[in-house]
Amino acid sequence: MSAEIVQLVEQAAPYLSTAVSAYGVAVFSRTEDAAADATANLGRRMLQAVWRRRNEQGQAELEAAVQDAAEAPEDEDAAAAVRHQVKRALREDAEMLAELAGLLPVAGETVHVTASGERSIAAKTITTAITGDNTTIRP
């Protein structure tokens with residue numbers, strides 16, 4: 001296994017664990033949660049990215065690992081099983097390594113975000129933002 005994969009998964013571990021603790025298996029269907037902290041949301045995004053790019057069997061294996069870790073948050077072996085599933089996915093999909101690495105904050109990076117004024121929005125990354133009245137979102 002490449003050192004790059006090992007390093008990325010080590011950096012991602014706190015985010016993955018927080019997402020599993022916050023959401024459990026619902027992590028795969030949850031959208032951005034303003035009430036959740038940035039760590040849980042980043043871990044959720046990482047797990048969703050891995051899950052979306054897996055085949056049916058890979059999705060089931062990742063889902064089972066997340067379920068076990070959510071049911072036993074103090075069990076390091078369960079958390080390691082989630083990390084193992086992510087490593088497996090990264091070994092099988094080189095493009096995913098770049099995708100997940102791009103989600104992680106850069107070491108030493110400080111982000112300052114300020115919103116000011118009515119209906120202002122501020123974030124390092126925004127996927128969807130709606131501030132208008134009577135807005136309808138269509139898929």
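The values are calculated or read from the model by the stated rules, or taken from the named source; none is laboratory data. The shown structure was predicted, so the numbers you read here are calculated from the model rather than taken from an experiment. When we count neighbours, we look across all protein chains shown, and the Cβ atoms used for this are built from the backbone with ideal geometry, even at glycine.
Counting only residues that are among the small types (Gly, Ala, Ser) and surrounded by fewer than 20 Cβ atoms within 10 Å (Cβ to Cβ), which one in segment 55-77 is nearest to residue 91 (Cα to Cα)? Show your work before the answer.
The initial filter retains those residues of segment 55-77 that are among the small types (Gly, Ala, Ser), namely 58, 60, 64-65, 69-70, 72.
In the following step, the residues that additionally are surrounded by fewer than 20 Cβ atoms within 10 Å (Cβ to Cβ) were identified as 58, 60, 64, 70, 72.
Working: 58: 13, 60: 18, 64: 19, 70: 24, 72: 27 Å.
Going through the qualifying residues, I end up with 58.
Has segment 35-54 got at least one residue that is in a helix (DSSP H, G or I), surrounded by fewer than 13 Cβ atoms within 10 Å (Cβ to Cβ) and at pLDDT 90 or above?
Just the residues of segment 35-54 that are in a helix (DSSP H, G or I), to begin with: 38-52.
Okay, now just the ones that are also surrounded by fewer than 13 Cβ atoms within 10 Å (Cβ to Cβ), so 52.
Applying the additional criterion that residues be at pLDDT 90 or above yields 52.
Scanning segment 35-54 turns up at least one residue that is in a helix (DSSP H, G or I), surrounded by fewer than 13 Cβ atoms within 10 Å (Cβ to Cβ) and at pLDDT 90 or above.
Looking at segment 94-110 only, could you name the residues that are assigned to a loop (DSSP other than H, G, I, E, B) and either under 12 Å from the mean Cα position of the chain (by Cα) or modelled with pLDDT of 90 or more (or both)? Talk me through it step by step, then tell me what you get.
If we filter segment 94-110 for residues that are assigned to a loop (DSSP other than H, G, I, E, B), which is where we start, we get 104-110.
Correct list: 104 only.
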